[in-house]
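Here is the structure we will look at.
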Amino acid sequence: MRKGGSICSTVLGLLCRMAQPGMTTKELAKIAEAEINKSGASASFLDYNGFPDVVCISVNDEVVHGVPNDKKVLQPGDIISFDLGITYGGMIVDSAKSIIVGQGNKQKQLLLKITEESLSSGLKQIKHNCRVGDISAAIEKVLSKHGYGNVRDLVGHGVGHNVHEEPNIPNFGRKGSGPQLKSGMTIAIEPMATLGGHSVFIDKDGWAVKTKDGSVSAHFEHTVLITNDGYEVLTSV
Ligand code: MG
Ligand code: MG
């Protein structure tokens, strides 16, 4: 999972650097596909529940699960979120990053910064015998303080042998509640925040999860290994 995490992080970094106004999300997916093939890994999301591509690319009011599309042309100021699962040596890691294409306004820049901060805050709770609610409450606190919509219909999760394993790790909750986490477990933490409300719906394509009020959103995710005294992020280079 360390090796897969390093590949995942490299591909996500490449996508973030390559994304430019005028490109389509399908062009970016092809770049990801080539890089994954070169690395000897495979894309965990391809064919997962029928997903048709190697990476989820979600733009603006799309929160997650956007399908790369050769008609979706990136515009300056778009928020673009890449969500990538990598299978290496039979094990899976899951990570996501959001960036602004070209230059965005201060409001969008802050949304990205704070969503990533909420992920860090959640991660800091992790150690042997902590509870899921400790992570959830820490993420919720950061997003609430800034008045952001905190998407509740999607959650973090166990990961490793499968893309989604138990336990679910919501981005809201009460400290000290929920299942206890143990050293050696691997989990994906993934806050999703919006500049509006928390309600979402599934687009008519059957995949993209979009904000109901049309507000833009950000998504950051890491896969981590729980250790005796803390955690190790597996999806950063
Ligand atoms: Mg993911
Ligand atoms: Mg995930």
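The values are calculated or read from the model by the stated rules, or taken from the named source; none is laboratory data. Everything numeric in this text was worked out from a predicted model, so none of it was measured. When we count neighbours, we look across all protein chains shown, and the Cβ atoms used for this are built from the backbone with ideal geometry, even at glycine. The area values use the complete protein model at the heavy-atom level, side chains included, leaving out ligands, DNA and RNA. Shrake-Rupley method; radii C 1.70, N 1.55, O 1.52, S 1.80 Å.
Overview of values
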| item | result |
| --- | --- |
| Listing of strands (runs of 3 or more DSSP E) fully contained in segment 81-189 that carry 3 or more residues being closer than 30 Å to Ile31 by Cα and either among the hydrophobic types (A, V, I, L, M, F, W, C) or modelled with pLDDT under 95 (or both) | 91-100, 186-189 |
| Close pairs (7 angstrom Cβ cut-off, 6 or more residues apart or separate chains): among the aromatic types (Phe, Trp, Tyr) in segment 134-157, away from ligand 2 (no atom under 16 Å from the Cβ) anywhere | Tyr148/Leu111; Tyr148/Ile114; Tyr148/Thr194; Tyr148/Leu195 |
| Residue that is farthest from ligand 1 (Cβ to nearest atom), among those in segment 58-85 that are among the hydrophobic types (A, V, I, L, M, F, W, C) and open to solvent by 20 Å² or more (accessible area, probe 1.4 Å) | Val73 |
| Segment 128-155: number of residues that are under 24 Å from His65 (Cβ atoms) and surrounded by fewer than 19 Cβ atoms within 10 Å (Cβ to Cβ) | 3 |
| Criterion: away from ligand 1 (no atom under 15 Å from the Cβ) and over 25 Å from Ser9 (Cβ atoms) - qualifying residue of Asp229, Asp205 | Asp205 |
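Results for (1) touching a Leu at 6+ places or on another chain (Cβ under 8 Å); (2) surrounded by 22 or more Cβ atoms within 10 Å (Cβ to Cβ), shown as yes or no for each residue.
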{"site": "Glu166", "(1), (2)": "no, no"}
{"site": "Ile169", "(1), (2)": "no, yes"}
{"site": "Lys175", "(1), (2)": "no, no"}
{"site": "Asp205", "(1), (2)": "no, no"}
{"site": "Thr223", "(1), (2)": "yes, yes"}
{"site": "Glu232", "(1), (2)": "yes, no"}
